[in-house]
Structures are given as structure tokens and as C-alpha cells.
1. Test each condition in (1) in contact with a Ser or Thr (Cβ under 8 Å, 6 or more places away or on another chain); (2) touching a residue at least 12 places away in the same chain (Cβ under 8 Å); (3) among the polar types (S, T, N, Q) for Ser161 and report the one that comes out false.
2. May I ask you to list the residues in the range 404-425 that are assigned to a strand (DSSP E or B), more than 30 Å from Ala101 (Cβ to Cβ) and free of Cβ contacts under 8 Å to residues at least 60 places away in the same chain?
3. Read through the list (1) in contact with a Gly (Cβ under 9 Å, 6 or more places away or on another chain); (2) under 14 Å from Leu64 (Cβ atoms), then give the number of the only condition that Ser175 fails.
4. Of the numbered conditions (1) under 18 Å from the mean Cα position of the chain (by Cα); (2) part of a helix (DSSP H, G or I); (3) farther than 27 Å from Asp237 by Cβ, Pro401 fails exactly one; give the number of that condition.
5. Scan the range 463-483 residue by residue and report those that are in contact (Cβ under 8 Å) with a residue 40 or more places away in the chain and either acidic (Asp, Glu) or not in a helix (DSSP H, G or I) (or both).
6. Look at Val428 and say whether it is buried (at least 24 other Cβ atoms within 10 Å of the Cβ), among the aliphatic types (A, V, I, L, M) and not in a loop (DSSP other than H, G, I, E, B).
7. Which of the following residues is free of Cβ contacts under 8 Å to residues at least 24 places away in the same chain and closer than 19 Å to Phe454 by Cα: Val394, Val428?
Amino acid sequence: MTVVKALTLVAVAGASIAGRAPARPAITPHSTLPSVTGAKHLLNTTTRHREWIVVPISPDASVLAWVVHPERSDRAQVLVVRGETALPSDWTRAVSDQLSAEGYVTVVPDVLTEIDRQGNRQTRDALDVSEIGRRDDAVRRAALQLPDADATLRPVELNVSATGISVETREGRESFAASAAAWPTLVQYLNERTGNAPTLTDNPHAMHMAMVSQASAGAARPVAGDIGRKDPRLPADYFMARATIRDSTLKAEWVDIPLEGDTVTLHTLVVYPAGAARTGVVVVMQHGVGVDEWQRALAYQIAEDGFIAVLPDLWSGTGPNGGNWDASEFVDDAVRNAAGKVSPEEAMKRYTTAREWALKLPRANGKSASIGFCMGGGNSFRFAAEVPQLNGAVVYYGGAPPEAQMARIQAPVLGLYGENDGRMADNVAETRVTMARLGKQYEARVYAKTTHSFAMFQHIGTNADAIADAWPRTIEFFRRQLR
């Protein structure tokens, strides 16, 4: 066995491509090379969709891979990014985030972290070269199956270190200095070799990245600020989340719901509407970074609109010392701590437990629905298949379950998507056809020139118009299904 200490890097040739004139005029990148010291802050404040995916390597074991998705309306080239060690560093993952700002799906393999069927994780410190290669191949195959990946294109391999960045394509291998000055040349080289010409969002990420950074400056866990004024008819965007929670007069409480056969309890936020009338229960399903302030403010808005909002912390028990989402100092740490520990089946079990508990509340009228955004949207769609008694499911830019699961859906489903979201928008037409063939109720809206996470970042492009239409549709749907 060989102890993995570092991956082989080619020699660094410098910032330019020797002997090659650019085929296109010099570009202005949408990104920059992050610093090592700034990597953690970037990972906690990036607005791109990032996640840890679980990649099977045998019937009994899986490994992790870090994935960052671009915001573009078509499918993207996959870049596989590796660092100086086989365990992904914060800096390597931050580099991958910046490459995704250029329109690429980026993947950072973690071939040493093994996960068994029970979600237990073990970090291996020794693997032979052939086993590393086998696991890398599994990650490449999984990356090409991502909804926004162009499966017809071979992944491009990058090795990054403090001294240089090497790029391997079909045409060969080139090397660049690991510096901000060399970064535009690297990006241009990648674009030329891959034909990358994405239709990115109208508003550069740099604008709201700067706003997020400003709002979270000096905080270990990024939080929203009081930027702008919230429309009371709409959910808070990222920047008004804290103020929404702070200023609410609604009754809210955290409860710990027992999970059958488990020592962990499901830490859950419950927000009640004003008055004393009985009403429907809405299970709010967390997005990819957990029960952060924006997600909690969303629960408050649902209660303001007249429903009992129930927001379980899906990652209960995955934090340090068995803690919950808020036990991690950083959002990025919470995401990593939970990776692979809560399977899709366990997620459905936890949401089902929360729903059943909430239906016993004195103010519950016996009817229930679900709502989710991004990862939560996909869970909301699947929840309709898992719980035939559900009265409705709302899906904001979340994926549809397999057809076999869709066939079990009894409740109406409302889907709301942005056109500039290649992961989801391309699949809506197919979902419409499948749901119709199965005789299921599925209403889908795709908003033009609208990004992923348009409910969270309402300041971008036409996102404000999209949420202004989507949220009233959501509340009308709940009123119709939960009355």
C-alpha cells in the first residue's frame, strides 16, 4: 500500500501559453484566483449552488465529491479539480467555486473519505495508485450524470497547488502560475480548449457576492443584513432575512421531536399564524446549506400567510458532538459534517415524522403540504410520492423523482423554475410529459431570464418579477389544498 501525500503536478511554465497567440480577444473573467486565507470566507458566502455528493464505489461503500454548479441556461463542461493532497482543502474547493463562475461544473474528489451504508464515515490514510484511479473514475462518471453536465464532453483535469496550476485536455497539458495575474490567461485557455461560451445570468455574480460579503463581514456564520425593504406580501430575500425574524410578532418555538429507533431528536422550528383558528400544516424542507436565517425567515412568511410552518433541521445530530446544524461554527462546516450522513430515505423518514407530529397540534386542521427550494424542492417533490396523504407539494427549482416514484404521487404538485438554471429548466418539459402520462396534477412555471435561487436573490435581473408571480401562486395553491 502507498500512503497518499500529494498528487503529481507538472512543472509550472508561467502565466502565458508559450508560443500560442490567443484565438480570441482577451477576456474579462467573472472570477479571480482566491487566496488561501480568504478561501473559508468565500466558501461560506458564495451564492453558487454547492454540495457534497455521495458516489458509490462498491455495493457497501461510497466516497464524497464536492460539486459547484454554474448559473447558465445550457449544459456545461465538467472540470475535475485536485489539490496537493487527496483530501480536498478549503482553497482547492474555493478555486473550484471561482471556475464555476466561468460557467463550468466543477468537481473536487474526496477519494479517501469512505461512507458505509449506515452513513458512518472513515478517512483512509493509505490507498494504492490503482484504487485511487478506480475511485477517481467513479467520481468522473458521477459528475457526467449531473443534470447540468454535458455528458458528451470528456472532463478536463486540473491540478492546483500554491506553485502552479496544470490543465490536461485532449490537446495535451499546459501549466500556469498560481497567481491573480495569470488567472485570466488560464480562464481563456480553458474557454478555448473546451468551447466554453455560456449564457450566464444578466447580472454578474460579483455584485451579489459583494453584497453577501458585506452583510456577513466579521461573522463566523454569515448572516443577512437589513438591505432594502421587504414587501410584506413576499418572502424575505437573503438580505432581509434577519430583520424578518427579528421584527415578527408571531409565536415561534424550537421543539425536539423523537425519531423512532434513534437516539437523535429532530430539532424543529415551528411558527404559528396569528389568531386561534385551525389551519393547514406546511412542512418546510431546507435548502442545501441547512436551516439558515433565510430558510427560517421563509417559515415565518408561510405563517404570516396563515399556515403552521414546520421547519425540521434535517441535519439534526450531524454536528460536532452530535449537535445540530447550529453546532458548526461555519456554514461550510455544517454542510461537510452532514455529507453522506442523512440518506434520501432517512430524509423522508425525518420529514414524515415532523409532519405526523405537527398534525397533532391543537391548531392543525388535518391537512398538510410541503415546500422546498433547490435540494428542498427535490425533497418536496419526492415527499409527495412517499406520503400519499399529503394534500399538495410546492417545488422551487428542485428536481423530479424517478418515474417509479412519480407514479405513487396522489397530491397536486406546483413547480416553479428559472430559465437560467440548466440543472432544472431543461428537465421541466420531460417532467410535464411524464406526470401527464401518469395522470398526475403538475403545474410548472419557468420564468424567463431568471436564475436559480430567485426567491433568495430577488435583486438579480428579472428575479424580482419571478418571485412576485411565484409566491402568490404558492399561497393560493396552499389555500386551495389546505382549506
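The values are calculated or read from the model by the stated rules, or taken from the named source; none is laboratory data. Predicted model, so just to flag it, every value in this text is computed and none were measured. Every residue, glycine as well, gets a Cβ built from its backbone with ideal geometry; the counts of neighbours run over all protein chains shown.
1. Of everything listed in (1) in contact with a Ser or Thr (Cβ under 8 Å, 6 or more places away or on another chain); (2) touching a residue at least 12 places away in the same chain (Cβ under 8 Å); (3) among the polar types (S, T, N, Q), Ser161 misses just condition (1).
2. The first filter runs over the range 404-425 and keeps only residues assigned to a strand (DSSP E or B), leaving 413-420.
Narrowing further to those that are more than 30 Å from Ala101 (Cβ to Cβ): 413-414.
Of everything in the range 404-425, just one residue is assigned to a strand (DSSP E or B), more than 30 Å from Ala101 (Cβ to Cβ) and free of Cβ contacts under 8 Å to residues at least 60 places away in the same chain, namely Val413.
3. Against the list (1) in contact with a Gly (Cβ under 9 Å, 6 or more places away or on another chain); (2) under 14 Å from Leu64 (Cβ atoms), Ser175 comes up short only on (2).
4. (2)
5. Of everything in the range 463-483, just one residue is in contact (Cβ under 8 Å) with a residue 40 or more places away in the chain and either acidic (Asp, Glu) or not in a helix (DSSP H, G or I) (or both), namely Arg483.
6. Considered against the rule, which asks whether it is buried (at least 24 other Cβ atoms within 10 Å of the Cβ), among the aliphatic types (A, V, I, L, M) and not in a loop (DSSP other than H, G, I, E, B), Val428 comes out as no.
7. Val428
For (1) buried (at least 17 other Cβ atoms within 10 Å of the Cβ); (2) part of a strand (DSSP E or B); (3) on the phi > 0 side of the Ramachandran plot, each residue gets a yes or a no:
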site	(1), (2), (3)
Phe239	yes, no, no
Thr244	yes, no, no
His267	yes, yes, no
Ala276	no, no, no
Ala299	yes, no, no
Leu311	yes, yes, no
Ser316	yes, no, no
